Amino acid sequence: MNNAALYSQRPRDEFEILREKMVAYLREHYGIKDERVLEAMQKVPREKFVPEALKSQAYKDNALPIAANQTISQPFIVAKMTELLELSYDAFESPGSFVGRPKSRSRVLEVGTGSGYQAAILAHLTRMVYSIERIPQLAHEARKRLESLGIRNVVIKCSDGSLGWEIQAPFDAIIVTAASPKIPTPLLSQLKIGGRLVIPVGEDRNCQRLIRITKKESGFSVEDFGACSFVPLIGEHGWKQVQ
């Protein structure tokens, strides 16, 4: 009997059902079209990435607080930002596999590990994820969560994410899960030609614009995907301090 058959026969828990409903909502209400992104969000247990007291809210469509005054992003934002990366799917894993053989050969940089949820989604979609978190507690806890789920293709370091990860560059895609008043120039230089940077940008700490930048042979193209609100990106090329 194959894994898919075993999966279909075992009892489904409450969180699995809620996860399925969340994915259906993302598809039908928000128009998320990348089925591989939706598949990843169906398989990653979001309840493992939120505080115990908030597990019952794990599949509501809103951000939730985590440790160190940070947040886990709203499911829609996670899906939208991941979709905007437009990862190239040129290698395929076996059906029913979670980590297994990656679906994309892309190398992705994440700035702002937080709970580790976004990294887990990316790990399901791509060969290697490099994630930077400035808060040691969050970096440590995210590593533990990912390891407990058998995710081995995420490397986390504790550092200033606005500087990127030069030794691992260039990247096919960069995703920033905290808002910067301006585009961090090191991140632009660490993109491959054709690579995409998805980042919330704005000088208002309460409201920013979700921006996608694509690196061209002769410069950059910039697209605006509307208003958003994120915790601040603290660092040399972000905000200088927490208010």
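Readers should treat all values here as calculations from the given coordinates under stated rules, not as data from a laboratory. Since the model is a prediction, treat every value here as computed from it, not as a measurement. All Cβ positions, glycine included, derive from the backbone under ideal geometry; neighbour counts span all protein chains shown.
Each label point was placed 7 Å from the Cα along the Cα-to-Cβ direction; for Ser189 and Lys144 their separation is 3.7 nm. The order of Arg143, Arg196, going from fewest to most other C-beta atoms within 10 Å of their C-beta, is Arg143, Arg196.
Oblate is the label for region 97-243. Its Cα gyration tensor axes, ordered a ≥ b ≥ c, give a/c of at least 1.5 and b/c at or above a/b.
Net charge in the neighbourhood of Ile135 (other residues with Cβ under 13 Å of its Cβ; Lys, Arg +1, Asp, Glu -1) is 0. Residues Ser189, Ser104, ranked from the fewest to the most other C-beta atoms within 10 Å, line up as Ser189, Ser104. Only DSSP H runs of four or more residues enter the estimate; each adds -39500 (n - 2.57), and after division by the residues of the chain the mean residue ellipticity at 222 nm equals -8000 deg cm²/dmol. Extents of region 3-228, taken as max minus min of Cα coordinates on every principal axis and listed largest first, are 53, 38, 34 Å.
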